[in-house]
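Here the structure is laid out as structure tokens; the discussion comes afterwards.
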């Protein structure tokens with residue numbers, strides 16, 4: 001039996017597993033497979049229907065255009081046809097032949113016989129000035145000496161030409177001279193039945209470069225006249241090249257609704273499956289509830305221990321063999337709590353002792369250096385002895401007061417200011433400093449004497465290496481942290497020494513001579529945790545910068 005597995009949970013898992021394995025899961029799988037199969041078949045037949053309609057339209061256009069071209073070749077070969085440009089006698093006969101050609105085709109057209117200047121001699125269309133001007137403009141773009149029997153012209157301005165989407169043109173020769181042209185404007189009216197009779201299918205006919213000749217829906221065409229690109233997820237597209245790849249037939253079906261129905265249906269199945277599983281779990285819980293109260297009480301005790309809310313011994317409602325387990329479990333919990341309490345107290349006392357030891361290391365070293373400075377200043381300028389002694393008295397009073405472990409920022413920085421003033425008397429113009437403390441941060445609490453060793457180190461290791469040493473102390477804050485920046489213009493550290501100090505700050509034991517920086521860093525981390533401490537930045541011959549990160553506190557911790 002698995003650890004911490006209750007009898008109720010075993011019953012619930014067994015019942016759930018049985019129902020899921022032999023009833024719910026097979027039902028869900030069959031339903032999902034049927035659902036997937038249904039939509040796959042639907043998608044397959046939809047694609048087949050789209051292919052079929054594309055084939056029907058492609059075959060129809062190929063047959064009609066080929067038939068038109070054959071009829072035009074027969075007309076072109078008629079030796080009497082050029083005489084229509086010289087006499088009106090053949091107009092009726094030629095008109096009848098042209099009209100018969102149009103009548104024999106399901107794809108209707110407007111026919112024209114025009115001379116080389118674009119003047120219309122015969123037509124079955126309404127003849128007006130606009131049509132006349134158009135044909136003159138159109139013929140001016142043709143090569144009058146062309147050798148092609150029939151030219152297919154892709155008509156793009158179809159709405160201006162009675163919905164003609166394609167123009168078939170063949171020259172009329174007299175000898176080797178072009179006398180005029182036979183023109184058939186194929187109309188789009190008949191094409192509409194291909195999409196009107198088909199649900200959810202659109203048609204686009206383009207040239208090989210994708211420019212529209214005919215479309216059943218304007219939204220399928222871009223502003224530049226090209227058919228827009230379609231994503232496979234939303235549209236099914238079948239394309240076929242016809243008439244020697246001069247035309248391309250596209251049948252398009254929007255699949256977005258189909259895909260949405262698929263997604264909605266699949267999500268519905270997931271919801272139903274989740275409901276069935278929940279019902280199974282509830283049924284298993286109900287079936288196991290009355291027989292497992294004793295074990296539930298034991299599990300509740302274990303859960304309380306894990307969550308830290310254990311309140312003591314809970315007697316079982318049923319006086320059975322599980323009472324022995326319950327009793328010894330509570331005995332074990334109480335013994336464990338006793339051990340944890342003792343270990344926690346030992347750890348706290350050990351940490352406090354280490355902090356005290358670290359803090360006490362500051363005072364002898366600081367006092368020795370300060371007395372040396374005062375001794376030097378008394379000899380240099382006896383008139384300042386009283387002022388220096390007052391500063392020393394203030395410093396000593398502050399440093400030896402062990403009643404408080406924390407101090408407001410303004411007090412600690414006042415201590416630093418007195419210290420720097422004493423040092424400034426000694427080194428005169430060779431030492432300068434600045435302290436920037438925002439007014440709103442003056443009452444923030446920090447560990448007492450936390451910055452003094454770092455300032456002392458800056459002077460001790462920097463003043464003899466440079467002609468002038470400046471120490472800048474700046475305090476700022478982020479949302480949750482208080483930041484000290486102590487920057488000096490000393491000689492700095494080499495890259496090797498800098499990495500050595502950074503490695504030292506990551507250890508819990510110090511066996512080096514870097515007592516000041518390490519002690520400050522260690523003291524902060526013992527008190528506040530590893531998220532806080534000291535970081536050091538330096539470039540050789542360009543000074544150093546120490547960044548101290550502390551939590552923001554305005555009330556003393558107890």
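I need the calculated FRET efficiency for the pair residue 530 and residue 39, taking r as the beta carbon distance and R₀ as 51 Å, to the nearest 0.05. Please report the intermediate quantities before stating the final value.
On the way: r = 56 Å, r/R0 = 1.11.
That pair, residue 530 with residue 39, gives E of 0.35.
If the chain between residue 108 and residue 218 were fully stretched, how many nm would it gain, using 0.36 nm times the residue separation less the Cα-Cα distance? Let's see the in-between values first.
Working: separation 110, 0.36 × 110 = 39.60 nm, distance 2.26 nm.
Fully extending the segment from residue 108 to residue 218 adds 37.3 nm.
No lab work stands behind these numbers, since they all come straight from the coordinates. The shown structure was predicted, so the numbers you read here are calculated from the model rather than taken from an experiment. All Cβ positions, glycine included, derive from the backbone under ideal geometry; neighbour counts span all protein chains shown.
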